[in-house]
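Visitor: One structure follows; several queries about it will come next.
The values are calculated or read from the model by the stated rules, or taken from the named source; none is laboratory data. All figures in this text were calculated on a predicted structure; none of them were measured in a lab. Cβ: placed from backbone, ideal geometry, glycine included. Neighbour counts: every protein chain shown.
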Amino acid sequence: MKFALITAVLLSSIGLVNVANAANVDKGQALVEKANCASCHGAGLNAPILPAYPKLAGQYSDYLYYALKAYKVGNGNPQYGRNNAIMGSQVQAFSDADMQDIAAYVSSLPGNFVIKK
């Protein structure tokens, strides 16, 4: 019984991995252009108009996806998620698949994202 349960869980998780890898970079680019993300995050999403805005190009796609999701969930809810009026309103129209596509596109851009050691 225990083996059957573990097998079922593992087999069902295989589908989740495939969904995460199915992001569409071209669709992500179209969504980024339509939302005019460069108006704040700058050319190539790597030259923000204000120092407080992050450089996004080259960031890890998982991080970008979960950041977008946190803005969507946290909009108007200070107890949960990220709270930023501009980003909260920007992401409301995006589905989970859209946010994965956006994350895949943005992470594919050349940027000067570095990890400090």
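Visitor: If you go through the stretch 56-80 one residue at a time, how many are under 16 Å from the mean Cα position of the chain (by Cα), surrounded by fewer than 17 Cβ atoms within 10 Å (Cβ to Cβ) and not hydrophobic (A, V, I, L, M, F, W, C)?
Guide: Matching residues across the stretch 56-80 total 4.
Visitor: Turning to a different aspect of this structure: What residue, of 111, 88, 76, 81, is part of a helix (DSSP H, G or I) and at pLDDT below 90?
Guide: None of the others qualify; the one that does is 88.
Visitor: Right, another one. Quick check: anything in the stretch 28-45 under 17 Å from the mean Cα position of the chain (by Cα), exposed (fewer than 10 other Cβ atoms within 10 Å of the Cβ) and at pLDDT 95 or above?
Guide: yes
Visitor: Something else: For residues that are basic (Lys, Arg) and part of a helix (DSSP H, G or I), tally how many sit in the stretch 23-68.
Guide: Counting residues in the stretch 23-68 that are basic (Lys, Arg) and part of a helix (DSSP H, G or I) gives 2.
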